[in-house]
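For reference, the structure is listed below as structure tokens.
The values are calculated or read from the model by the stated rules, or taken from the named source; none is laboratory data. These numbers come from a predicted model, not from an experiment. No Cβ is skipped: glycine too gets one built from the backbone with ideal geometry, and neighbour counts run over all protein chains shown.
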Amino acid sequence: MKKSGIILGDKVAVVGQILPHKHPEVWKMYLDGVGNNWTPTEVDMSKDIDQWKDGQTLSKDEQLLVRRCLGFFAGTESLVGTNLLTTVAKWVTDAECRQYLLRQAYEESLHNWTVVTCCDSFNLKVDEVYEAHLNIPSIKAKDDFLMEITTDIHREDFSTKTVEGKREFLRNLISYYLIAEGTFFFSGFAMILALGRQNKLQGLSEQIRFTLRDESIHIKFGTYLINAICDETPSIWTKKFEEETTEHIKKAVQLEIDYAHDVLPRGILGLNAEMFVDYMQYIGNRRLEGIGIEYRFESDSNPFPWLSEIVETGAMTNFFERKVKDYQHSGNLVDDF
Ligand code: MN
Ligand code: FE
């Protein structure tokens, strides 16, 4: 890891200077993000709407699964976007990183838009989707956990000038990039893509496929940021902090497994909640290794090997209907699920 290019400087409100590049990896992530351009309205939802209404394509359990996944996305995409603007963008001073944050914020707005598009397409009860973070215990538990472990950063006297402040900022990055984006979205993504794989709601699957490609780079960027800040100020990373971070990731994996049990009580689509124990442990291990923590969850096998292929190539859509841009960055985007 290069040490040039201060990620957390003292002054935020200064003119950013992108050239000469100090973090070329981050610049590449920015270009990869732009290469995945998409909008929810480009995706044809007409067949999804027919399937949603026809009363036979989707079982009640499958419809519930979709409503719960959207309920979780509604709350958490908004939390991630808000944290990005109010906290991450407030303290990160490096110009290339700030350029990436501008792109990421736009992508989070698309993810919010996906939820809106689905509420409109399926005529969902808005309260059920947008109040899931209050009313559905397994969803509330995830959002509450995120907010609980990141409150200190909102203190009036918070600053990243001290080592303690930098550590608190790092805790925020770990919570949002590795736990919210890097863990909490993953069972929902797998469930929706499993529907698409069975020719159900392929428009929604397509939106989630693009979202997952975005999120894959967000996680890569967050991991880079965390490691680069630790390289700049090695005293931030203490044994105690590592233990605490390990506990947070363990708790996050457990909350995600609880959520999968809640959403898949009877097992559908060839999926059952037990598969998500393996999957979330596998995902948890990728997050731990990303930031150099040695602890590993027991299971390290991916029960959904088809997932990365779908995300990478759009394999579930008709070959001839695929857009040229699907191939544009093949091999760049997806490497950790
Ligand atoms: Mn997002
Ligand atoms: Fe994201």
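Scanning segment 22-48 for residues that are farther than 20 Å from residue 125 by Cα, hydroxyl-bearing (Ser, Thr, Tyr) and over 18 Å from the mean Cα position of the chain (by Cα) turns up just one, 41. Among the conditions (1) within 14 Å of ligand 1 (Cβ to nearest atom); (2) farther than 12 Å from residue 76 by Cβ, the only one that residue 176 does not satisfy is (2). Being outside any helix (DSSP H, G or I) and of a type in the set (Lys, Arg) is the filter here, so list the residues in segment 185-200 that pass it. Once the filter is applied, which keeps residues that are outside any helix (DSSP H, G or I) and of a type in the set (Lys, Arg), segment 185-200 yields only 200. Of all the listed residues (11, 47), the sole one being among the charged types (D, E, K, R), farther than 29 Å from residue 145 by Cβ and at pLDDT 95 or above is 47.
How about segment 178-199: which of its residues are out of contact with any strand residue (DSSP E or B) (no Cβ under 7 Å at 6 or more places or on another chain) and farther than 15 Å from residue 256 by Cα? Listed by number, the residues that qualify are 192, 193, 195, 196, 197, 198, 199. In the set 321, 298, only one residue is modelled with pLDDT under 90 and more than 17 Å from residue 220 (Cβ to Cβ); that residue is 321.
Name the single residue, out of those in segment 100-128 being assigned to a helix (DSSP H, G or I) and away from ligand 1 (no atom under 16 Å from the Cβ), that is surrounded by the fewest Cβ atoms within 10 Å (Cβ to Cβ). For segment 100-128, the residue satisfying everything is 127. Is it the case that residue 173 is over 30 Å from residue 51 (Cβ atoms), of a type outside the set (Ser, Thr, Tyr) and in a helix (DSSP H, G or I)? The answer is yes for residue 173. State whether the residues of segment 49-56 include one that is crowded, with 20+ Cβ neighbours inside 10 Å, more than 18 Å from the chain's Cα centre (by Cα) and under 30 Å from residue 198 (Cα atoms). Yes, there is a match, as at least one residue in segment 49-56 is crowded, with 20+ Cβ neighbours inside 10 Å, more than 18 Å from the chain's Cα centre (by Cα) and under 30 Å from residue 198 (Cα atoms). Screening residue 8 against (1) closer than 18 Å to residue 206 by Cα; (2) within 24 Å of the chain's Cα centre (by Cα) leaves a single unmet condition, (1). Quick one: residue 160 ticks every box in (1) more than 15 Å from ligand 1 (Cβ to nearest atom); (2) under 26 Å from residue 214 (Cα atoms); (3) surrounded by 23 or more Cβ atoms within 10 Å (Cβ to Cβ); (4) not charged (D, E, K, R) except a single one, so which number is it? Going through (1) more than 15 Å from ligand 1 (Cβ to nearest atom); (2) under 26 Å from residue 214 (Cα atoms); (3) surrounded by 23 or more Cβ atoms within 10 Å (Cβ to Cβ); (4) not charged (D, E, K, R) one by one, residue 160 breaks only (2).
Among residues of segment 57-93 being of a type in the set (D, E, K, R) and buried (at least 17 other Cβ atoms within 10 Å of the Cβ), the one that is nearest to residue 145 (Cα to Cα) is 77. Taken over segment 78-87, the criterion of being out of contact with any Ser or Thr (no Cβ under 8 Å at 6 or more places or on another chain) and within 11 Å of ligand 2 (Cβ to nearest atom) is satisfied by 79, 80, 84.
All of 182, 222 fail the test of being without any contact (Cβ under 8 Å) to a residue 60 or more places away in the chain, within 17 Å of the chain's Cα centre (by Cα), within 30 Å of residue 22 (Cβ to Cβ) and in a helix (DSSP H, G or I), apart from 222. Note on segment 7-91: enclosed helices (runs of 4 or more DSSP H) holding 1 or more residues that are within 16 Å of ligand 1 (Cβ to nearest atom) and not β-branched (Val, Ile, Thr) are 24-35, 60-83.
Out of the residues in segment 214-236 that are closer than 11 Å to residue 173 by Cα and of a type in the set (Val, Ile, Thr), which is farthest from ligand 2 (Cβ to nearest atom)? In this case the residue turns out to be 229.
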